[in-house]
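Each remark here refers to the structure printed beneath this line.
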């Protein structure tokens, strides 16, 4: 029973935190632009409004299921990562899978989104999906190599094991023990968050908003909540992998907040790559960095 | 995608929940990025740091699917009317129209032109008019404030009026669009 309560609270908390972080990032971006920006609760208001609009447009079965796929993928990732170390209630279902299962499920959510957007039949959505999948296959490579380097170095594939191995002080965090793999993973984090210079999927000036072009009202509301959940899940995963996990709730909030601000700040000051530039960069730079640490731990 | 069914007449909603919904609608107005006339030029500065419409929760959307507001930005040519009708009908309910400039009110400087509509609300339900030729961005923001107040008070009901009086609007639209090839209602 306690576990079910914990799961429900985790999902609601992650959703609220994701939406709030989205609102804060909009304000921060506006301030960097010299604007006042929206209120931090703007994403909650947008989601509520979208949920109360009529939904008379749909394009087939996959179009309906895509937001559900995304939310399911996000929830699975969220529940498989321990939130607070030592607090076994917040471990949720982290016993159920290792880091590779989490990486697979991260892909599953994005794939559902891609199928739904393809089903919508809008040319911009299809272009965005092909860009997104191409880019995903390039950053997944560097991220996976970085994860393998860390897992081999620590001799465990369990996320709990990876977190527990970083509890001997700040210098035992993986970002210091595996600096090159961490750099590769952190570069891969930018396209994961669709941040510039890798924001080729949403690319407002070319393919107005990419995959969700045909999505409206409740569908879009679910998309937003999926994105907020997914964002929080990825933040917690990265905090667990590289930054020593969180020993209490405040530490979790502070670490995820700071990590979230990294793509926001980078995104505000960079222009966008073209598709081939983005993919070429991701194939070479972060992959090479991650490989350095992998070779080091293999030797 | 077309839908050949006539729209159902919307019911009247009241109560505390509807007030909360209206607050959310008023504070999150997404505008279809679509310009019909010279007023579209005056909309661009709204996104910049000088005027910053995002502080009111107003954002541009590239598709009518996701928008709440359609801005008729200045004169509306007879050829453009058909496209505007399609865009308006694809916006999901509730939806609002802001009409900019004298041209939408009485034709303005094009009052005797053969290809410009004179009184917009014969063809589409306008919720807020913003006068001027062209209205400055400050005036447009003032128009948005008025629309937000109307939505909060539950008075921005143009979309309901349009559905309830579809025959009246269609009759007027068909007088202008002689090569009518649209279905009864399209979303």
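What follows is calculated from the coordinates using simple rules that are stated; it is not laboratory data. As the structure is a prediction and not an experimental result, all values here were calculated from the model. Heads up, the Cβs are rebuilt from the backbone with ideal geometry, glycines too, and the neighbour counts pull from every protein chain shown.
Overview of values
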read-out: Order of A:293, B:181 - criterion: other Cβ atoms within 10 Å of each residue's Cβ, fewest first; value: B:181, A:293
read-out: Ranked A:264, B:130, criterion: other C-beta atoms within 10 Å, fewest first; value: A:264, B:130
read-out: Linear extension gain, residue B:168 paired with residue B:18, 0.36 nm per residue minus alpha-carbon span; value: 51.1 nm
read-out: Among beta bridges that DSSP assigns inside chain B, antiparallel share in %, nearest 5; value: 15 percent
read-out: Helix axis angle, A:2-32 relative to chain A longest principal axis, alpha carbon, degrees; value: 70 degrees
read-out: Number of partner chain Cβ atoms within 10 Å, mean per residue of B:43-53; value: 2
read-out: Inverse mean reciprocal Cα-Cα distance (Kirkwood Rh) of segment B:32-187, Å; value: 15.8 Å
read-out: Relative contact order [Cα under 8 Å, 6+ residues apart], chain A, whole percent; value: 29 percent
read-out: For A:33-46, mean number of other protein chain Cβ atoms within 10 Å; value: 5
read-out: With Cα atoms, 0 to 90° folded angle of helix A:217-242 axis to chain A main axis; value: 10 degrees
read-out: Degrees between helix A:99-120 axis and first principal axis of chain A (Cα, 0 to 90, nearest 10); value: 10 degrees
read-out: FRET E, pair residue A:56, residue A:299, Förster distance 60 Å, beta-carbon r, rounded to 0.05; value: 0.45
read-out: Debye intensity ratio I(q)/I(0), log10, chain A, q values 0.08 Å⁻¹ (C-alpha model); value: -0.34
read-out: Dimensions in Å of segment B:1-99 - Rg and Dmax from alpha carbons; value: 15.1, 45
read-out: Relative contact order of segment A:180-299, pairs being alpha-carbon contacts under 8 Å that are 6 or more residues apart, as %; value: 48 percent
read-out: Of all DSSP beta bridges in the protein assembly as shown, antiparallel share, percent nearest 5; value: 15 percent
read-out: Sites residue B:180 and residue B:133 - FRET efficiency at Förster radius 25 Å, r taken between beta-carbons, to 0.05; value: 0.20
read-out: Rg over Rh [alpha-carbon atoms, Kirkwood Rh] for segment A:125-225; value: 1.12
read-out: Segment A:46-60 and segment A:212-291: distance between their alpha carbon centers, rounded to Å; value: 26 Å
read-out: Distance from segment B:40-64 to segment B:87-122 (C-alpha centre basis), Å; value: 20 Å
read-out: Partner chain coverage, peptide B:27-37 - average Cβ within 10 angstrom; value: 2
read-out: Packing-based exposure ordering (other Cβ within 10 Å, fewest first) of A:265, A:5; value: A:5, A:265
read-out: Computed over segment B:28-176: relative contact order in percent, which uses C-alpha pairs under 8 Å that are six or more apart; value: 22 percent
read-out: Packing-based ranking, highest mean first, of A:20-28, A:57-65 given that Cβ atoms within 10 Å are counted; value: A:20-28, A:57-65
